[in-house]
Amino acid sequence: MSERRTALVTGANKGIGYEIAAGLGALGWRVGVGARDEQRREAAVAKLRADGVDAFGVPLDVTDDASVTAAARLLADQAGGLDVLVNNAGVTGGMPQQPGGADVATVRAAVEVNVIGVVRLIEAMLPLLRRSTAPRIVNMSSGVGSLTRQSASAGEGQTGPLSVAYAPSKSMLNAVTIQYARALGDTNILVNAGCPGFTATDLNGFRGVRTPQQGAAIAIRLATLPDDGPTGGFFEDAGVVPW
């Protein structure tokens, strides 16, 4: 691995993902912009480069084995390896997803990207991460994935609308985060989940109250943890999020 650190950010062509890439790039990192759409991906890369970021495009569909394998090969060949993986790509799954009227296909779509896609990518990138001197895995979750907050009484920290797709997919992502942290506990790979808060993105129709730059802050913090930093945790700007 070179001394200059390299990160891959999925869903980095817009919103929080773009701001994560911009933030890491501002720290002098080389950043892979992972995204499916070629035009949007290359436009994001061009914008980042114009701002002085050493960015490069990574064609990536987290739901496709061949795409993920090709992305790992590109990182090995073009960047020489990988130091940080930020699993930011996510979907709501669509509508409806309220209990009693949910579409199973909606649940499947959310889990395919938000959970299975993350597992697929981690598995493909682990050989590269193991070669890094300071590897980090950051899974972008959500406060609505907190079972504590989901089950709280109204007015006492209850979060999110009723959902059997998006919210449970983030709960499962949190569980996946714990499992990888446990499995990699004897290595130098730190694995954590981050909540960006209610950020204005197209995922929520831009109804959020935080900017994408604010939402990206927790991912940047977890990506740059010191070697003695936490692993297997769930964090937001204010601190630890209850499971």
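The values are calculated or read from the model by the stated rules, or taken from the named source; none is laboratory data. What you are looking at is a predicted structure, and each value in this text was computed from that prediction instead of being measured. FYI the Cβ positions are ideal-geometry reconstructions off the backbone, even for glycines, and counts take in every protein chain you see.
Looking at D64, D77, just one residue is of a type in the set (D, E, K, R), over 14 Å from the mean Cα position of the chain (by Cα) and farther than 19 Å from A12 by Cβ, and that residue is D77. Checked across region 71-80, the condition of being within 21 Å of T199 (Cα to Cα) and in contact with a Ser or Thr (Cβ under 6 Å, 6 or more places away or on another chain) holds for no residue. Of the residues contained in region 23-33, one or more are found to be in contact with a helix residue (DSSP H, G or I) (Cβ under 8 Å, 6 or more places away or on another chain), at pLDDT 95 or above, basic (K, R) and more than 20 Å from Y166 (Cβ to Cβ). Of all positions in region 15-26, at least one carries a residue that is under 17 Å from the mean Cα position of the chain (by Cα) and over 24 Å from N114 (Cα atoms).
So which residues in region 89-109 are in a loop (DSSP other than H, G, I, E, B), surrounded by fewer than 15 Cβ atoms within 10 Å (Cβ to Cβ) and either more than 20 Å from the chain's Cα centre (by Cα) or polar (S, T, N, Q) (or both), if there are any at all?
M95, P96, Q98, P99, G100, G101
Just to be sure before I move on: is G81 farther than 25 Å from S142 by Cβ, part of a loop (DSSP other than H, G, I, E, B), in contact with a Lys or Arg (Cβ under 6 Å, 6 or more places away or on another chain) and at pLDDT 95 or above in the structure I sent? It is true that G81 is farther than 25 Å from S142 by Cβ, part of a loop (DSSP other than H, G, I, E, B), in contact with a Lys or Arg (Cβ under 6 Å, 6 or more places away or on another chain) and at pLDDT 95 or above. Among the residues making up region 103-120, those that are touching a Ser or Thr at 6+ places or on another chain (Cβ under 7 Å) and either modelled with pLDDT under 95 or not small (G, A, S) (or both) are V111, E112, V113, N114, V115.
Please verify whether region 14-36 includes one or more residues that are of a type in the set (F, W, Y) and assigned to a helix (DSSP H, G or I).
Looking for residues that are of a type in the set (F, W, Y) and assigned to a helix (DSSP H, G or I), one finds at least one in region 14-36, hence yes.
Being at pLDDT 95 or above, surrounded by 18 or more Cβ atoms within 10 Å (Cβ to Cβ) and acidic (D, E) holds for only one residue in D54, D65, D61, and it is D61. Note on region 124-147: among residues that are among the hydroxyl-bearing types (S, T, Y) and surrounded by fewer than 20 Cβ atoms within 10 Å (Cβ to Cβ), the one that is nearest to D64 (Cα to Cα) is S132. Applying the criterion of being in contact with a Lys or Arg (Cβ under 9 Å, 6 or more places away or on another chain) and over 25 Å from T133 (Cβ atoms) to the residues of region 12-42, the residue that is surrounded by the fewest Cβ atoms within 10 Å (Cβ to Cβ) is R40. Of all residues in region 188-243, those satisfying the criterion of being within 15 Å of the chain's Cα centre (by Cα), among the hydroxyl-bearing types (S, T, Y) and modelled with pLDDT under 95 are T199, T201.
Tallying residues that are free of Cβ contacts under 8 Å to residues at least 40 places away in the same chain, polar (S, T, N, Q) and farther than 17 Å from A7 by Cβ within region 42-82 yields 1. Within region 148-167, which residues are outside any loop (DSSP other than H, G, I, E, B), surrounded by 14 or more Cβ atoms within 10 Å (Cβ to Cβ) and touching a residue at least 40 places away in the same chain (Cβ under 8 Å)? If the condition is that a residue be outside any loop (DSSP other than H, G, I, E, B), surrounded by 14 or more Cβ atoms within 10 Å (Cβ to Cβ) and touching a residue at least 40 places away in the same chain (Cβ under 8 Å), then R149, Y166 are the ones that fit.
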